[in-house]
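Rule-based calculations on the coordinates, nothing more; no lab input. Please read all numbers here as calculations on a predicted model, not as lab measurements. Here the Cβ is made from the backbone with ideal geometry for all residues, glycine too, and neighbour counts use every protein chain on show.
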Amino acid sequence: MSRIAVLSAGSWGTTMAMVMADAGNAVTVHARRPEIADAINTRHVNPAYLPDVPLPAALRATTDPGEALEGAGHVIVSIPAQTLRANLTAWAPRIAEGAVLVSLMKGIETDTGLRMSQVITEVTGIPAERVAVISGPNLAREIAARQPAASVVACTDETTAETLQAACLTPYFRPYTATDVIGCELGGAVKNVIALAVGLATGMGWGDNATALLITRGLAETARLGERLGADPLTLSGLSGVGDLHATCTSPLSRNRTFGERLGQGMTIVEATAATRQTAEGVKSCKAILGLARHNDVEMPITEVVAAVIDGQITVQDAASQLMSRTPKPERYGI
């Protein structure tokens, strides 16, 4: 049995804490709000994010991050991507020596263009061999209901990945291992932007043909960027690539798709943010992803249009006309 800290009592953090506890580990969740920690400890439920999901009785929660981190061999981080650097700077001195840090986050840091694993290594000094990523078609509410799901556990060190794989294997959650951290993280980050585009199209009343167009060409954009940054192309045809992309673009449980749909229906960015309540990572990361693409001379037209909409440079209607008026070209070259 491993001792595991989960830094976040949001929906995905709580769900992974549940998975880890169901796998037989001793799990402590860090919750910022005392009422959530108390509810997890006494009523075995997270009333703010998963009110109807019974949590394992052995799962513990605390408002003290140091208490959660004490002696933890795996530290799972599930917070908004743009808050990682500041929070991790405060937490780093309390992380146990030799611990493995695990990122559940799917974003790119705005100011630096760094992936989440890169931020972790930069802030903590922990080598890449002890930084892992869990990514895949992981809609939290379905997994919290203990419905069948799979994911990818990626780390540059295969043994580290295999150890984490064993720690989160349950009858309903099946993790696969990989060493392509770059591909897994890019797949997870870019799919949020493509899901925003799908949501925009859906909100405007477009049908399945448009959804298929955006998903397929969105995958091509991701693959181009991944290839340029050193990812394995096969990664993006797997769970952390097309699998995650499909789930996020088509499910009503997807925050990014829902956010885009609200924009397509006429809401402002402020209104859609208030209605969504939880973080839609694509909104914050799209500009950073576009910057990464431009820096590496990679064409990403869907990402470019979404970033322009989010930044208020063009309207939703302008976005649609821009995408459909691009010069026709062979399919291999993009939308």
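Give me the net charge for the shell around Leu263: Cβ to Cβ below 14 angstrom, other residues only, Lys and Arg +1, Asp and Glu -1. Write down the numbers at each step before the final one.
Values: positive: Arg255, Arg257, Arg262; negative: Glu261, Glu271, Asp311, Asp318.
Taking every other residue near Leu263 into account, the sum is -1.
Amide H neighbours of Asn46 under 5 Å, at least 5 residues apart or on other chains, H built in the peptide plane: list them.
For Asn46, whose amide H was placed from the backbone, the distant partners under 5 Å are Val53.
Out of Glu271, Glu109, Glu162, any idea which swings most in a Gaussian network model of the chain, alpha carbons joined below 10 Å?
Taking springs between Cα atoms under 10 Å, the residue moving most is Glu271.
Could you list which residues have their amide H under 5 Å from that of Val102, counting only those 5 or more apart in sequence or on another chain, with H placed in the peptide plane?
When sequence neighbours closer than 5 places are left aside, the close amide H contacts are Val75, Ile76, Val77, Ala132.
Looking at the chain, do any whole DSSP H helices span at least 27 angstrom along their long axis by alpha carbon and average 1.0 or above on Kyte-Doolittle, and which?
Working: long enough: 181-203 (33 Å, 1.45); 208-229 (31 Å, 0.01).
Once both thresholds are applied, what remains is 181-203.
Give a residue-ordered list of calculated ³J(HN,Hα) values for the stretch 92-106 (Karplus: 6.51 cos²θ - 1.76 cosθ + 1.60, θ = phi - 60°; whole Hz; x for Gly, Pro).
Residue by residue, the stretch 92-106 yields 3, x, 9, 6, 5, 4, x, 5, 9, 8, 10, 9, 9, 7, 10 Hz.
Highest GNM mean-square fluctuation, the chain, Cα pairs closer than 10 Å: which of Ala128, Ala48, Ala61?
Top of the fluctuation ranking is Ala48.
Answer rounded, prolate or oblate for the stretch 196-256, using the Cα gyration tensor with square roots of eigenvalues a ≥ b ≥ c: rounded when a/c is under 1.5, else prolate when a/b is larger than b/c, else oblate. Don't skip to the end; give the middle numbers.
Details: a/c = 2.58, a/b = 1.92, b/c = 1.35.
Prolate, because a/c is 1.5 or more and a/b exceeds b/c.
Hey, got the dipole for the stretch 84-242? About the Cα centre, +1 on K and R Cβ, -1 on D and E Cβ, debye to the nearest 20? It would help to have the intermediate numbers written out before the result.
On the way: 12 positive and 15 negative charges, 91 e Å.
Taking the Cα centre of the stretch 84-242 as origin, the dipole is about 440 debye.
Would you mind counting up the charge near Gly243? Only other residues with Cβ under 14 Å from its Cβ, with Lys and Arg at +1 and Asp and Glu at -1.
Details: positive: Lys106, Arg174, Lys191; negative: Glu142, Asp244.
Its environment carries a net charge of +1.
Mean-square fluctuation check for the chain, GNM, Cα pairs under 10 Å: which of Lys191, Lys284, Lys106 is largest?
Lys284
For Tyr176, which sequence-distant residues (separation of 5 or more, or a different chain) have an amide H within less than 5 Å of its own amide H, given hydrogens modelled in the peptide plane?
Amide H neighbours of Tyr176, under 5 Å, 5+ apart: Ser151, Val152, Val153.
Extension gain Arg32-His246, at 0.36 nm per residue separation less the Cα-Cα distance, in nm?
Working: separation 214, 0.36 × 214 = 77.04 nm, distance 3.21 nm.
Full extension of this stretch gives 73.8 nm more.
Charges only on Cβ, +1 for Lys and Arg, -1 for Asp and Glu: so what's the dipole of the chain about the Cα centre, in debye to the nearest 20? Each step should come with its number before you reach the end.
Values: 27 positive and 32 negative charges, 103 e Å.
The calculated dipole for the chain is roughly 500 debye.
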